[in-house]
Amino acid sequence: MRMQKQLFRHAPDKGIFGDCYRTAVACILDLDPDQVPHVHRLITGAEQGEIIDRFLAEIGVTRLSIPFTVEGVQAALDSAALWSKGLPCLFSGTSRNGTGHVVVAHGGKIICDPSQDDSGIVGPMDDGFYWVEWLVFSAEDRGAA
């Protein structure tokens with residue numbers, strides 16, 4: 001895993017869209033951020049997930065996403081750790097800057113905050129959920145039958 005900072009800080013009023021998501025994906029997959037699609041500058045909504053899922057499928061990875069509705073960031077991190085079975089995960093919520101943000105979590109802790117100002121996670125996303133995602137290699141790519 002490669003700990004790194006995002007290339008673009010979120011400033012939509014200036015036409016700049018943060019790339020914390022692709023940077024967090026790149027961290028877990030040991031890639032450079034520019035190797036992962038920057039979907040937030042392209043489109044919004046469900047299409048973002050479709051583009052990321054297509055990219056991940058091309059490299060033999062599946063993204064599993066689960067919303068958590070627990071009270072508080074630490075409770076959400078602890079729940080993510082429980083379900084992660086030792087794997088790092090993408091952990092999404094609202095940052096100190098008041099915008100949606102993604103970090104890498106492991107063992108009930110944030111281990112990499114890709115934001116340029118370490119804005120962290122202070123609450124759920126604007127849909128009321130903390131989102132946890134795992135990037136899992138397919139069985140075929142691991143040599144399983």
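Conditions tested, residue by residue: (1) hydrophobic (A, V, I, L, M, F, W, C); (2) within 15 Å of residue 136 (Cα to Cα).
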{"position": "30", "(1), (2)": "no, yes"}
{"position": "36", "(1), (2)": "yes, no"}
{"position": "48", "(1), (2)": "no, no"}
{"position": "93", "(1), (2)": "no, no"}
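Taking the criterion of being modelled with pLDDT of 95 or more and open to solvent by less than 70 Å² (accessible area, probe 1.4 Å), the residues of the stretch 73-91 that qualify are 73, 75, 76, 77, 79, 80, 81, 88, 89, 90, 91.
For the stretch 94-112, filtering for residues that are without any contact (Cβ under 8 Å) to a residue 40 or more places away in the chain, surrounded by fewer than 23 Cβ atoms within 10 Å (Cβ to Cβ) and of a type outside the set (Lys, Arg) leaves 7.
Among the residues of the stretch 114-126, the ones that are open to solvent by 20 Å² or more (accessible area, probe 1.4 Å) and without any contact (Cβ under 8 Å) to a residue 60 or more places away in the chain come to 5 in all.
Looking across 136, 122, 70, one residue alone is on the phi < 0 side of the Ramachandran plot and modelled with pLDDT of 95 or more. It is 122. Annotation: of all residues in the stretch 2-23 being open to solvent by 60 Å² or more (accessible area, probe 1.4 Å) and closer than 16 Å to residue 102 by Cα, the one that is modelled with the highest pLDDT is 3.
Residue under question is residue 69, and the condition is that it be closer than 16 Å to residue 129 by Cβ and loosely packed, with under 13 Cβ neighbours inside 10 Å; does it hold? Spelling it out, residue 69 is indeed closer than 16 Å to residue 129 by Cβ and loosely packed, with under 13 Cβ neighbours inside 10 Å.
The values are calculated or read from the model by the stated rules, or taken from the named source; none is laboratory data. Since we're looking at a predicted model, the values are computed, not measured. With ideal geometry, Cβ positions are generated from the backbone for all residues, glycine too; neighbour counts draw on all protein chains shown. These accessible areas exclude ligands, DNA and RNA; they are computed on the full protein's heavy atoms, side chains included. Shrake-Rupley method; radii C 1.70, N 1.55, O 1.52, S 1.80 Å.
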